[in-house]
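Down below is the structure, laid out as structure tokens.
The values are calculated or read from the model by the stated rules, or taken from the named source; none is laboratory data. Given the structure is predicted, the values throughout are model-derived calculations rather than measurements. Neighbour counts are summed over all protein chains in view; Cβ atoms, including those assigned to glycine, are modelled from backbone coordinates with ideal geometry.
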Amino acid sequence: MTYARDVAALARKDLLLELRARETLPAMLLFVLATLVAFRFALPADASERASVGLLWVAILFTALLGITRAFIPEREQHVLDGLVLAPVDRSAIWLGKVVATLAFLAAAEVVALPAFGLFFEQVTWSTVAAVALADVGICAVGAILAAMAAAGRARELLFPVLFLPLSVPILVGGVGAAVGDDPARYLAFLALYDGVFAILAWASFEYVVTE
Amino acid sequence: MAVAAAVVLVTGVALALLWAPEDADQGPSQRIFYLHVPIALTAYACFGWGAWKALRLLWTGDQRYDLESYTAVHMGTIFGTLTLVTGSIWARTSWGVWWSWGERQLVLFLILFLFYAAYFMLRFSLPDGPGRARISAVYALFGVVLIPISFLAIRLAENFIHPVVFTRDGPQMSGDMFFTFCVSLAGMLLLAGTLYLNELAGKRLDLRLRDLRESLELG
């Protein structure tokens, strides 16, 4: 129970900071809308409707990148992480708290992005919504630990997308497959598998990333 | 070991070119199979070995595993790049294109190539020390989990035009072909092992030299 309380407290800290400073979320919202508009002009007029589904996934992925990149940089720069590591909490709780917070940001951005996509392009199906929900978990689980790794290095903002994009290819396959494939359930199951495997790996190994 | 690697590898190539029967469909170009597939399997073996050493590092905290894991990943990336090159040549001769998104193994190796290139970026961006060793190790572990997941993803995403040689019923080739394949594979693995040991010895020597130089400057 204390573990859940720790996670909730850590996530609350990030959400409160965001409420006061309002840095990440407005940037994510504007970015996802601007990306969708840019994609509208990147597609030729006679492009198939199915192509736009792929663009939705690229927009979601890049928006997540934008939000998660910042997740651990203030922690490193203002030495918050040193305090968190010394605090009497399980270190994986730091990761889980970050996952919950970034998940909240990403979900908020998508609440705007999906209707906007429906308005600009084509109707969003239920299987797409389910795939987005499953993919968010995987994106945030993998993203939170990779952002912590990238923030430890010199390149920081530059490094995170390079680390993350190869790992996100299976998410794109699952997401686009669920939207355009004949059998969405298979792709949703694959996304769930991805979430489970990488969440366990990240949860178990996060401790080694932040220990000094 | 270097001599053994050279002998077995030359034997493998000789067998592949001169002795193994010609493929009825693809003709002589099929013979690159005896190089391409052993190189790919060797790359997997290197990545697996690197992840195993990474796991040992996290488990025991012994710093010497860091260099071993890094060297194995380094070798894996070299063999992975060779897989991309040989696969591309094969695709050109068989299908007339340098690159085909239909070929699962090649796409997988492209993803892995990007992933492990990022491994090197990560490693060179971190300050030297136990922190770097641990973070690199965690990333290397993500790599071996990514291999089967990506494989599954590509399978889900693809139209299947790649010839599948190994099925659940065992290898679909004649005994002579299989023997040649095994000799080539053994040669490649020996080559990778030799390179790995040489590289490791070289890197250890570098580190020792640096330590000695530092203590000289201090003294």
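Residues checked against (1) surrounded by fewer than 20 Cβ atoms within 10 Å (Cβ to Cβ); (2) touching a residue at least 60 places away in the same chain (Cβ under 8 Å); (3) out of contact with any Gly (no Cβ under 9 Å at 6 or more places or on another chain); (4) part of a helix (DSSP H, G or I):
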| residue | (1), (2), (3), (4) |
| --- | --- |
| A:Ala27 | yes, no, no, yes |
| A:Pro44 | yes, no, yes, no |
| A:Gly83 | yes, no, yes, yes |
| A:Ala104 | yes, yes, yes, yes |
| A:Ala108 | yes, yes, yes, yes |
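The residues on offer are B:Ala153, B:Ala117, and the sole one that is closer than 28 Å to A:Gly175 by Cα, in contact with a Gly (Cβ under 9 Å, 6 or more places away or on another chain) and either within 10 Å of chain A (Cβ to nearest Cβ) or assigned to a loop (DSSP other than H, G, I, E, B) (or both) is B:Ala153.
Filtered by the rule that a residue be crowded, with 22+ Cβ neighbours inside 10 Å, free of Cβ contacts under 8 Å to residues at least 24 places away in the same chain and of a type in the set (A, V, I, L, M), the range A:171-196 gives a lone residue, A:Val173. Within the range B:126-137, residues that are at the interface with chain A (Cβ under 7 Å from one of its Cβ atoms) and under 15 Å from A:Leu163 (Cβ atoms) reach partners that are part of a loop (DSSP other than H, G, I, E, B) and among the basic types (Lys, Arg) with beta carbons closer than 8 Å, at six or more positions or on different chains, in the pairs B:Leu126/A:Arg154.
Could you please let me know if B:Gly87 is assigned to a helix (DSSP H, G or I) and within 9 Å of another protein chain (Cβ to nearest Cβ)?
no
Annotation note: of A:Ser168, A:Ser205, the sole residue that is within 12 Å of another protein chain (Cβ to nearest Cβ), buried (at least 18 other Cβ atoms within 10 Å of the Cβ), polar (S, T, N, Q) and under 14 Å from the mean Cα position of the chain (by Cα) is A:Ser168.
For B:Val107, the conditions (1) surrounded by 17 or more Cβ atoms within 10 Å (Cβ to Cβ); (2) touching a residue at least 60 places away in the same chain (Cβ under 8 Å) all hold with the exception of (2). Quick one: would you say B:Thr42 is in contact with a Lys or Arg (Cβ under 8 Å, 6 or more places away or on another chain), surrounded by 22 or more Cβ atoms within 10 Å (Cβ to Cβ) and either in contact (Cβ under 8 Å) with a residue 60 or more places away in the chain or not aromatic (Phe, Trp, Tyr) (or both)? So B:Thr42 does not fit the description; no. Across the range B:58-67, a minimum of one residue is classified as farther than 30 Å from B:Arg31 by Cβ, within 9 Å of chain A (Cβ to nearest Cβ) and part of a helix (DSSP H, G or I). Restricting attention to the range B:79-104, the residues being in contact (Cβ under 8 Å) with a residue 60 or more places away in the chain and under 15 Å from the mean Cα position of the chain (by Cα) number 1. Those residues that are within 9 Å of another protein chain (Cβ to nearest Cβ), within 15 Å of A:Ala141 (Cα to Cα) and over 14 Å from the mean Cα position of the chain (by Cα), I need them from the range A:171-193; list them, please. Correct list: A:Leu193 only.
Taking the listed residues A:Ala144, A:Ala199, the one that is more than 10 Å from every other protein chain (Cβ to nearest Cβ) and either without any contact (Cβ under 8 Å) to a residue 40 or more places away in the chain or surrounded by 24 or more Cβ atoms within 10 Å (Cβ to Cβ) (or both) is A:Ala144, with no other qualifying.
Restricting attention to the range B:120-156, the residues being of a type in the set (Gly, Ala, Ser) and over 17 Å from B:Leu58 (Cα atoms) number 3. Do we have A:Ala151 as among the aliphatic types (A, V, I, L, M), on the phi < 0 side of the Ramachandran plot and at pLDDT below 90 here? The answer is yes for A:Ala151. Hey, any hits in the range A:60-75 for a residue that's surrounded by 18 or more Cβ atoms within 10 Å (Cβ to Cβ), among the charged types (D, E, K, R) and part of a helix (DSSP H, G or I)? Yes, because at least one residue in the range A:60-75 is surrounded by 18 or more Cβ atoms within 10 Å (Cβ to Cβ), among the charged types (D, E, K, R) and part of a helix (DSSP H, G or I). Across the range A:125-141, the qualifying residues are those that are among the aliphatic types (A, V, I, L, M) and touching a residue at least 60 places away in the same chain (Cβ under 8 Å), and the one among them that is farthest from the other protein chains (Cβ to nearest Cβ) is A:Val132. Just for the range A:147-164: of the residues that are part of a helix (DSSP H, G or I) and more than 7 Å from chain B (Cβ to nearest Cβ), which one is farthest from B:Phe151 (Cα to Cα)? Among those residues, the one meeting the criterion is A:Ala151. Taken together, A:Ala87, A:Ala116 contain a single residue that is surrounded by fewer than 16 Cβ atoms within 10 Å (Cβ to Cβ) and of a type in the set (A, V, I, L, M, F, W, C), which is A:Ala87.
All told, A:Ala151 falls short of being in contact (Cβ under 8 Å) with a residue 60 or more places away in the chain, of a type in the set (Gly, Ala, Ser) and surrounded by fewer than 17 Cβ atoms within 10 Å (Cβ to Cβ).
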